[in-house]
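Data block below; observations after.
The values are calculated or read from the model by the stated rules, or taken from the named source; none is laboratory data. Bear in mind that the values here come from a model prediction, so they are computed numbers and not experimental data. As a convention, Cβ positions derive from the backbone with ideal geometry for all residues, glycine included, and neighbour counts pool all protein chains shown.
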């Protein structure tokens, strides 16, 4: 019986592949940095309409990564954290983005999403990013993960909604970074802090 | 008389009952349970030693058990989640309860996200001091907020309690002592406390000719080797930094230790990199003199400056050779050696195989790696092992070549393997280079910076 040369062929080949696989370090999942131009996008909302970042040129925009099945997003919906800020800063465009992939148990269908939004008084558009392309472009990691884009299209804040991951702090101790960022932004002042560590569930890409 | 004796025994038994009850019960608080996890407070004693006349160190623990697939978090939770938040209630005599962080694991999540934490079971050690013990019972109480995640995440909050009896002589709890010992031993050692081991870092700016290039944090653990345990490859865990997002660390082994390189992304663009900044890290999967360890350190690292501990006082001959080991001379050397090996192997020219030249060819191929290893000053064990694997496979081919009729096929495979070796070796030499020494004089004398606190 003669051995197949293909058997001996695989040994050095596999070893070579293993060796060269060491060269490819996977890139970090880094967020879009403050000062960078906000990546453009065009997405469909839960209302069926199409929204493009370019539609809001010359306006400040807040992006909120959301997932109603994430307890953190849900808590802020119940506490009206985002909807009150949206109401307070009427001149600012507020967009919710849900990057949950279809097929994941957290994915919410449009009719259910609309009912959820109605239940908690969320009147700003919520957009589907089913492929996760926009989430990856921004480096959205958590729900919620917040971005403020200034009227020139630059990112001026990237991070958490506030300093209270557990939701246990008394209201006077709770610092809402987006509130502070929008106040500074609209007054023409630099946003400080411009970046914080977001907390919450991982985005379900 | 008999009645009085019986009565006395009864009185004594009744008097001892509360203490006996304390001794019988394990001093672990009740579990707070949910479908994903359960958590309790534990202490190592059934009866803790009385603090008088001196205060006593209390080794407490926050004990989690987790359902399969679920995890809780390290002090830097990674891309999502948050670490447990624990607030001990003030108790008379109890001071300074501090939650400590055992060496964590890395969990790869979908979408390129990373979580840092613990699965299956973890005891977060809690260091506290018992200054006094009014009465014989210390009532421990802590509010705990934590997040447990699998694919989904669920936050929980509990108030955990444990009643710790205090007596003149300590009585250890056989259930909790091994558990606490095991997890206290997983706390990383302070870097300064390890004889023969030092750690430092350097912030390397992005290469100017690399579009979108990222600065790199290079962290070196001098005097360490990789731990031999198969599940304990060297790992690096950075604490949250206020200026940078950290990417995945790459570890490699050098002549004098283990080096980690971490790509960084600044939170804000358009700002110059700080000339110096403080990073805190935990390095795991290391060993010194065969003893595994993990360490934690907080260091001020300087931009583009190699710390003094890494810069030899005078360039050695080996270092001078090492400076030549760039990709180009390495590649030229490899090509020359490959041609020599091929000739010796009888694959070039008219030489016929089977006259002992296989061994010469093998020796020549090994010489390629040996020479480049010496020139490159450091090659990772993994890389070297891969090259050796290829050589081994080639030796096998050379042996088979004499036994088989498929001489052309085997000859082709031999040359392919040799070429792979030759290509890999200079790459390894380049890959394993250290950050070049500083070019400016002040940086060259850079001292090892330690935080003030």
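A compact table of results
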read-out	value
Matching option when the condition is within 13 Å of chain A (Cβ to nearest Cβ) and surrounded by fewer than 18 Cβ atoms within 10 Å (Cβ to Cβ), among B:216, B:269, B:262	B:269
Among the candidates B:233, B:227, B:246, residue that is touching a residue at least 24 places away in the same chain (Cβ under 8 Å) and either closer than 20 Å to residue B:301 by Cα or in contact with a helix residue (DSSP H, G or I) (Cβ under 8 Å, 6 or more places away or on another chain) (or both)	B:246
Filter result (in contact with a helix residue (DSSP H, G or I) (Cβ under 6 Å, 6 or more places away or on another chain) and either more than 14 Å from chain A (Cβ to nearest Cβ) or surrounded by fewer than 15 Cβ atoms within 10 Å (Cβ to Cβ) (or both)) within the range B:124-180	B:125, B:165
Residue count for the range B:235-246, restricted to those that are at the interface with chain A (Cβ under 7 Å from one of its Cβ atoms) and surrounded by fewer than 23 Cβ atoms within 10 Å (Cβ to Cβ)	1
Hits in the range B:237-284 (condition: within 20 Å of residue B:77 (Cα to Cα) and outside any strand (DSSP E or B))	B:239, B:240, B:241, B:242, B:243, B:247, B:248, B:249, B:267
So residue A:93, is it within 14 Å of another protein chain (Cβ to nearest Cβ) and either in contact with a strand residue (DSSP E or B) (Cβ under 8 Å, 6 or more places away or on another chain) or crowded, with 18+ Cβ neighbours inside 10 Å (or both)	no
Residue tally, condition surrounded by fewer than 19 Cβ atoms within 10 Å (Cβ to Cβ) and over 17 Å from residue B:113 (Cβ atoms), over the range A:125-149	2
Residues that are within 24 Å of residue A:36 (Cβ to Cβ) and surrounded by 17 or more Cβ atoms within 10 Å (Cβ to Cβ), drawn from the range A:154-177	A:155, A:156, A:157, A:158, A:159, A:160, A:161, A:162, A:176, A:177
Elements of type helices (runs of 4 or more DSSP H) in the range A:98-192, at least 3 residues being touching a residue at least 24 places away in the same chain (Cβ under 8 Å), within 17 Å of the chain's Cα centre (by Cα) and within 13 Å of another protein chain (Cβ to nearest Cβ)	A:133-138
Search result, residues across the range B:150-165 that are over 14 Å from residue B:59 (Cα atoms) and in a strand (DSSP E or B)	B:153, B:154, B:155, B:156, B:157, B:158, B:159, B:160, B:161, B:163, B:165
Any chance residue A:77 is crowded, with 19+ Cβ neighbours inside 10 Å, touching a strand residue (DSSP E or B) at 6+ places or on another chain (Cβ under 8 Å) and modelled with pLDDT of 95 or more	no
Some residue of the range B:199-216 being in contact (Cβ under 8 Å) with a residue 12 or more places away in the chain, touching a strand residue (DSSP E or B) at 6+ places or on another chain (Cβ under 6 Å), assigned to a loop (DSSP other than H, G, I, E, B) and under 24 Å from residue B:107 (Cβ atoms)	yes
Test: residue in the range B:116-123 that is exposed (fewer than 15 other Cβ atoms within 10 Å of the Cβ) and either over 18 Å from the mean Cα position of the chain (by Cα) or not in a strand (DSSP E or B) (or both)	yes
